[in-house]
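Step one of this worksheet: look at the structure below.
Since every read-out is calculated from the coordinates, none of them should be taken as a lab result. Everything quoted here is computed from the prediction, not taken from an experiment. When we count neighbours, we look across all protein chains shown, and the Cβ atoms used for this are built from the backbone with ideal geometry, even at glycine.
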Amino acid sequence: MDRRVERGRATREHLVGTAADLFAAHGYDDTTIEAVLEETGVSRGSLYHHFSSKQALFEAVVDRIEAQVGEDLTAEVLATGDPDPANALRAACLAWVRLAGEPVVRRVLLIDAPAVLGWRRWREIEEQYALGTTRAVVQMAADEGRIPHEVVDPISHMVLAAVNELALMIALSDDVPGAQASAQAAVDEFFQRLLPPPAKTRRRR
C-alpha cells in the first residue's frame, strides 16, 4: 500500500511538473491534455485519477509555482540579515518584481491564472502564500512604533496588492526589462515613504 501511495504521488508530481513547462511554453489554451499525456507517458486514466480536468491540473500547477515563489521570497528576506522590517519587505518585493519576468511565473501565474481560475480564486491562492509573510513583516514595523497596530492588516493587503499590480504590469509589458527597472524604482520610493526609518532617540545632555 505504501509503495502504491508513493507511486501515486510520484505520478502526480510528474504530471504537475511537466504540465508547468507546457503551460509556460504554450499557455493554457494551447496546452492540451493529449500533449501532457504524450510528454509524461502517463495513461489518460491515471491522469484523470489525479485531476478531474485540465483546469484542475492547471490549478495544481499554479499552487506549486506559488509555493515556490513564496519560498524564494522568504529566502530573499532571510538572506538580507537586515532586522529593519522595511528593508526586509522591500527585498521581498524586489524579488517578486524580478521573478515576474521569468517565463513560468509570467505566463502561468500572472497572465493565465487570473483568467482561467477567476480573479477571486487567483487572489485566494496568492494570499495563501504571500499575505502571511507580508503581514508578519508589517507587524514588526508596528511593534517598533512606525505604524499603528490597527492598520497592520489593511496595510499588508495594500502592499500585496500594489506589488502584484507591478508584477502584472511587467507580465503584460512588451519591454519586460524596462518594466522591471521602473517597478524597482517604484518599490524603492514606495517603502521610503510608507515605512521611513524610526526617529533616532536623542541623547540627554
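Assorted remarks:
- Membrane-span-like helices in the chain, defined purely by DSSP H runs whose alpha carbon atoms cover 24 Å or more axially and whose average Kyte-Doolittle hydropathy reaches 1.0, are 152-172.
- Within-11-Å neighbourhood charge of residue 128 [Cβ basis; K, R +1; D, E -1]: -3
- Relative contact order for the range 58-194: 31 percent, from Cα pairs under 8 Å spaced at least 6 residues apart, divided by residue count.
- Selected from 89, 37, 168 as most flexible by GNM, with the chain as the system and alpha-carbon contacts under 10 Å: 37
- Residue-averaged 222 nm ellipticity for the chain, from DSSP H runs of 4+ at -39500 (n - 2.57), nearest 500: -25000 deg cm²/dmol
- Our compactness index for the range 58-194, the C-alpha radius of gyration over the empirical 2.2 N^0.38 Å, is 1.02.
- Shape of the range 20-97, Cα gyration tensor, a/c cut at 1.5: prolate
- GNM result for the chain, Cα springs below 10 Å: residue of 20, 181, 113 fluctuating most strongly: 181
- Distance between the range 1-63 and the range 126-177 - C-alpha centres, whole angstrom: 32 Å
- Sorted by Cβ neighbour density within 10 Å, fewest at the top, the residues 170, 33, 125: 33, 125, 170
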